[in-house]
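Q: What follows is a structure written as structure tokens; I'll ask about it next.
The values are calculated or read from the model by the stated rules, or taken from the named source; none is laboratory data. Please read these numbers as outputs of a predicted model, since none were measured by experiment. Please note: Cβ atoms are built from the backbone with ideal geometry, for glycine as well, and neighbour counts cover all protein chains shown.
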Amino acid sequence: MSTVIKSPITRFLERVPAQVLAVYAIVAAFSTYFCMYAFRRPFAAANYEGLRFFGTDIDLKTAFVISQILGYMLSKYIGIKVCSETTRKQRMWRLFGLIIAAEVALVLFAVLPAEWKLIAIFCNGLPLGMVWGLVVLYLEGRRTSELLLAGLSCSFIIASGVVKGAGRWLIEAHGYGDFTMPAMTGLIFLVPFVISVFLLNQIPEPTQKDIDARVQRESMNASERMRFMKEFLPGMLMLLTAYFFLTAYRDFRDNYMSNILLEMGITEQTKFMLLSELPVAFGVLVMLGGLFLIRNNRWGLIGAYAIMLLGLVLMGGSTLLLDNGAIRGDVWMVLVGLGAYLAYVPFGSVLFDRLIAATRVIGTAVFAIYVADAIGYMGSVGVQLYKDIVETDATRLDFFRRFTYGMSILGVVLMASSCVYFLGKAKKSLSADR
């Protein structure tokens, strides 16, 4: 039997108190995914005003957004297999390869002729969709997973605003064009990404106590993945339907924030983008991190659903306040952002981790996360095409407001129903263990 050689950092982390390891893991994972967003989101900081896609009614920015999402969505389908089968030794090198491929695509986006730029931005999204799953593999299945995954989730909430703010800064302060700015933003974050991944790779594997508390996480082959879906099909269909629209909603706000702010008369966008997501991230961190205090996995699952339902209610309620003149547009953007992320983030972190622990099924949360993501980004593409092709006369602000009401109502119904379903499955599992 071969002996696994551990680095000095890993051996040190195995000896430190659990709190120190948790802080280290959060910082390393946060930094890794934060830097990744510099390769995915900065192009959305440009407005590409007045440009159309080959003379159609589709805005050029919409075409770029959809092209990247299609690559990102395909990456999620690939990731269902790749991430769920990736071994510990392969993780770091795959992360390096994925981010280098994304930066090369951004360089091509800058230099290729206009008709080829769509392909470049598609190729940019293609590797990036697998980064989340590879990072989550380091964090899931631990007694502190809620805390770790909450910290990780804050990365893309904050990073989305920061990298777009950095993009606007490169355009406004340094004169970079809309097409060269994304590659420059990625280049700035390349070395920090490499360092972050190296540090992330030093995290030791879950201990026996972690395994006892959260079920052992194992890679899943095709038959095991199919068995998981058959076992939970009704509940998964409800979750996937909700996530289909929720991802579209989150992406619409994220990609068109600049346009929506302009329609509300908010012109100082750089400062807003840099700072607006900080209270959102803090709220998500506090709510999801609090699940760490719930040791019982069934109650932990209930807690995750309660947070998602709260988020959906906040989205609808804050829009009512806006329509009645009770809050300003900038406050509304922060509140619907908080609500959307409270509902959205658990899908990629604590929801499936607790679901697996509560039902005692053997597998990995990353598989379920990637099934949801693959479906979710289909919704993102569909909704954006619907807006530009069907509701051509509606402003993005008006469309977004109506979308918020619909998402809030539909989401509450689907989330509550799936909660009842999975709690029944968890109860059966508990009875079987007895």
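Q: Take the residues in the range 87-141 that are within 30 Å of Asn297 (Cα to Cα) and not in a helix (DSSP H, G or I); name whichever of them is modelled with the lowest pLDDT.
A: Selected residue: Gly141.
Q: Has the range 179-193 got any residue that is hydrophobic (A, V, I, L, M, F, W, C), at pLDDT below 90, within 27 Å of Phe43 (Cα to Cα) and touching a helix residue (DSSP H, G or I) at 6+ places or on another chain (Cβ under 9 Å)?
A: Quick first cut of the range 179-193, residues hydrophobic (A, V, I, L, M, F, W, C) only: 179, 181, 183-184, 187-191, 193.
Checking which are at pLDDT below 90 leaves us with 179.
Filter again for within 27 Å of Phe43 (Cα to Cα), leaving 179.
Narrowing further to those that are touching a helix residue (DSSP H, G or I) at 6+ places or on another chain (Cβ under 9 Å): 179.
Among the residues of the range 179-193, at least one is hydrophobic (A, V, I, L, M, F, W, C), at pLDDT below 90, within 27 Å of Phe43 (Cα to Cα) and touching a helix residue (DSSP H, G or I) at 6+ places or on another chain (Cβ under 9 Å), which makes the answer yes.
Q: Right, another one. Does Phe245 count as touching a helix residue (DSSP H, G or I) at 6+ places or on another chain (Cβ under 6 Å) and under 22 Å from Leu410 (Cβ atoms)?
A: Criteria met by Phe245.
Q: Please go through (1) in a loop (DSSP other than H, G, I, E, B); (2) free of Cβ contacts under 8 Å to residues at least 24 places away in the same chain for Pro204 and return the number of the only condition it doesn't satisfy.
A: (2)
Q: Ala304 - would you say it is modelled with pLDDT of 90 or more, within 18 Å of Gly379 (Cβ to Cβ) and either buried (at least 20 other Cβ atoms within 10 Å of the Cβ) or basic (Lys, Arg) (or both)? Before the answer, list the steps.
A: Numbers: modelled with pLDDT of 90 or more: yes; within 18 Å of Gly379 (Cβ to Cβ): no; either buried (at least 20 other Cβ atoms within 10 Å of the Cβ) or basic (Lys, Arg) (or both): yes.
It is false that Ala304 is modelled with pLDDT of 90 or more, within 18 Å of Gly379 (Cβ to Cβ) and either buried (at least 20 other Cβ atoms within 10 Å of the Cβ) or basic (Lys, Arg) (or both).
Q: Here is a list: Leu397, Leu430. Which entry is touching a helix residue (DSSP H, G or I) at 6+ places or on another chain (Cβ under 7 Å), in a helix (DSSP H, G or I), surrounded by fewer than 24 Cβ atoms within 10 Å (Cβ to Cβ) and at pLDDT below 95? Write out each step before concluding.
A: Numbers: Leu430 fails: touching a helix residue (DSSP H, G or I) at 6+ places or on another chain (Cβ under 7 Å).
None of the other options fit; the residue is Leu397.
Q: Find all pairs meeting these conditions: Cβ atoms under 8 angstrom apart; at least six residues apart or on different chains; first residue within the range 72-86 and closer than 13 Å to Leu134 by Cα and outside any helix (DSSP H, G or I); second residue modelled with pLDDT of 85 or more and among the aliphatic types (A, V, I, L, M).
A: Final answer for the pair search is Thr86/Leu134; Thr86/Leu137.
Q: Yes or no: Gly151 in contact with a Gly (Cβ under 8 Å, 6 or more places away or on another chain), assigned to a helix (DSSP H, G or I), crowded, with 23+ Cβ neighbours inside 10 Å and small (Gly, Ala, Ser)?
A: Numbers: in contact with a Gly (Cβ under 8 Å, 6 or more places away or on another chain): yes; assigned to a helix (DSSP H, G or I): yes; crowded, with 23+ Cβ neighbours inside 10 Å: yes; small (Gly, Ala, Ser): yes.
Yes; evaluated as a whole, the condition is true for this residue.
Q: Just the residues that are among the aliphatic types (A, V, I, L, M), surrounded by 17 or more Cβ atoms within 10 Å (Cβ to Cβ) and in contact (Cβ under 8 Å) with a residue 24 or more places away in the chain, please, taken from the range 171-193. Please lay out each step first, then the result.
A: Filtering the range 171-193 for residues among the aliphatic types (A, V, I, L, M) gives 171, 173, 181, 183-184, 187-188, 190-191.
Now restrict to residues that are surrounded by 17 or more Cβ atoms within 10 Å (Cβ to Cβ): 171, 181, 183-184.
Correct list: Ile171, Met181, Ala183.
Q: May I pose another question? Find the residue count for the range 324-366, including only residues that are assigned to a helix (DSSP H, G or I), out of contact with any helix residue (DSSP H, G or I) (no Cβ under 6 Å at 6 or more places or on another chain) and without any contact (Cβ under 8 Å) to a residue 40 or more places away in the chain.
A: Counting residues in the range 324-366 that are assigned to a helix (DSSP H, G or I), out of contact with any helix residue (DSSP H, G or I) (no Cβ under 6 Å at 6 or more places or on another chain) and without any contact (Cβ under 8 Å) to a residue 40 or more places away in the chain gives 1.
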